[in-house]
Amino acid sequence: MAVCAYCGKKMDSDDETAKVGNMLVCGDCRTTTGIPEPRNEKLEWGNEDTRRSRAVDAIIVTTETMLDGIHVKKRLGVVTAECAYGMNIFKDLFAGIRNIVGGRSEAVQKTMRDARETVLKELKREAHSVGANAVIAVDLDYTQIGDKGWNMVLLIASGTAVIIEEIPKTALDETEG
C-alpha cells in the first residue's frame with residue numbers, strides 16, 4: 001500500500017496521488033501544500049501487485065545518512081534483508097583457477113551482482129512494509145559460508161527505514177543566505 005510522503009496517510013487505488021521527485025503525495029497534501037500536479041507524472045494505478053511493485057521501486061536506498069534538500073520526517077526503525085547464493089562446483093573450480101593464475105572471475109562477479117540486486121530489492125520490500133519511502137545508512141556485508149566442497153555467499157543489507165520529504169527550494173535559499 002502506498003504511503004504519502006508528507007502526512008503518512010496510507011493510500012489505495014481510489015485516492016488521488018501525485019509524484020514529487022521520487023516521493024508519492026496524497027491529493028490532500030498536494031492541495032494544502034500548494035504542490036502543483038506534475039505534468040505526466042500522475043501515478044497510473046493498476047492491479048494490487050502493480051501498485052505494490054511501483055511503490056517498492058520508488059523507495060530510495062542510499063548509504064548516506066543525510067541528503068541535501070531532503071528532511072527526514074520520521075525514522076521507522078532498522079530494516080534488514082538477507083540473500084544466500086550458492087556457488088556451484090564449476091564456478092568454484094574456475095574461480096580457484098583464476099585465484100592461482102590471476103584475473104577476474106566473471107561468473108563469481110555475476111553471482112555477487114545478482115545477490116546485491118536481490119538483497120536491495122528485498123530491503124526495499126521490507127521498508128515498504130513498514131510505510132517508509134526511503135532507506136538511509138545502508139550497509140552491505142558479505143560473508144562466505146561453507147567449506148569442503150560447498151560454498152555459499154551470504155549477503156546482508158541493513159539500513160534505517162525513514163519517511164523523507166523534500167525541503168522546498170525557498171526554505172533552502174533562506175538557510176543559505
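The values are calculated or read from the model by the stated rules, or taken from the named source; none is laboratory data. In this text, all values refer to a predicted model and were calculated from it rather than measured experimentally. Cβ sites come from the backbone with ideal geometry, for glycine too, and all protein chains shown count toward neighbours.
Looking across PHE94, PHE90, one residue alone is surrounded by 12 or more Cβ atoms within 10 Å (Cβ to Cβ), at pLDDT below 60 and outside any loop (DSSP other than H, G, I, E, B). It is PHE94. Just so you know, in the range 123-160 the residues that are assigned to a loop (DSSP other than H, G, I, E, B) and surrounded by fewer than 12 Cβ atoms within 10 Å (Cβ to Cβ) include one that is modelled with the lowest pLDDT, and it is GLY149.
If you go through the range 59-70 and keep only what is surrounded by fewer than 14 Cβ atoms within 10 Å (Cβ to Cβ) and either touching a His at 6+ places or on another chain (Cβ under 9 Å) or of a type outside the set (Gly, Ala, Ser) (or both), you end up with THR63, GLU64, THR65, MET66, ASP68.
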